[in-house]
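> Just passing along the structure, written as structure tokens.
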């Protein structure tokens, strides 16, 4: 009888994936720092080489800090808390690191993309090994044991379902945005060609419907991605405001009259 290894999830929760991404950047930074101790070919470095390599290290450090902000946000930290940790204000922290959080979400909130056939949990195991190599006497699972997938393996299925639904909703939002762009182009063309107001009003009503659906999808994402709920709710409010503006303009172009009741 052959033992079968338990299934290892391809994707971890966004929180776990963010932690693995942070760990990968930390290990890369550490490796680069150790490499500063000697020149690769064993000879004295050329003038300015140490400065160049130290500056490269600083660039990696900035990337690590940005990923730390992503991981903290996935943990539920507020911008006020992150700003306090960085010795700055909530607004300054949000301006500095919110684009990284947005890019992380847009890229699928995953640490690795199948490089060398590894998934995030397997990468976490490699980080355990790397840490044990430099810190003798530490447990062999120092990094991975803090992951939700290890601490609460039964919750992984629910996390995976939530993630998959979020991916579907984001794809629908992208399709809605593309359709809105096309209808907006139609509206500009009709205005340029001097089309009848009723034709332009029809396009505006279509745009309003698309924006209303976008608002609904953002509301759904607020529940699926609670760490980004504020941004999704703000996007929903903006979409509804624009829908209301489109309907108001459409009514000005081609008023809709309700028939008077028969006497």
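Every number here is computed from the coordinates shown, using simple stated rules; none is lab data. Just so it is clear, the structure is predicted and the values come from calculations on it, not from any experiment. We place every Cβ from the backbone using ideal geometry, glycine too, and count neighbours over all the protein chains shown.
> Once you order the gyration tensor axes a ≥ b ≥ c over the Cα atoms, which shape class does the stretch 14-151 get: rounded for a/c under 1.5, otherwise prolate or oblate by comparing a/b with b/c?
It is oblate, given that a/c is not under 1.5 and a/b is not larger than b/c.
> Going by alpha carbons, how many degrees (0 to 90, nearest 10) lie between the helix axis of 156-192 and the longest principal axis of the chain?
The two axes meet at around 40 degrees.
> Note the angle between two axes, namely the Cα long axis of helix 49-74 and the longest principal axis of the Cα atoms of the chain, as a number of degrees from 0 to 90, rounded to the nearest 10.
The two axes meet at around 50 degrees.
> Would you compute the Debye intensity of the stretch 157-253 from its alpha-carbon atoms alone, equal scatterers and no solvent, and pass along log10 I(q)/I(0) at q = 0.19 Å⁻¹ to two decimals?
Rounded to two decimals, the profile gives -0.86.
> What angle, in degrees between 0 and 90 and rounded to the nearest 10, separates the Cα long axis of helix 120-134 from the longest principal axis of the Cα atoms of the chain?
30 degrees
> For labels at residue 34 and residue 129 in the simple 7 Å Cα→Cβ model, what's the distance in nm?
So the two model labels end up 1.3 nm from each other.
> While we're on this one: For q values of 0.19, 0.22 Å⁻¹, compute log₁₀ I(q)/I(0) with the Debye formula on a Cα-only model of the stretch 138-212, without solvent.
-0.84, -0.95
> Given a Förster distance of 35 angstrom, what is the FRET efficiency for residue 51 paired with residue 91, based on the Cβ-Cβ distance and rounded to 0.05?
In this case the efficiency is close to 0.55.
> Taking one equal scatterer on every alpha-carbon of the chain, how large is log10 of I(q)/I(0) by Debye at q = 0.10, 0.15 1/Å?
-0.72, -1.15
> In the stretch 44-90, how does Rg compare with the Kirkwood Rh, expressed as the Rg/Rh ratio over alpha carbon atoms?
Rg divided by Rh gives 1.25.
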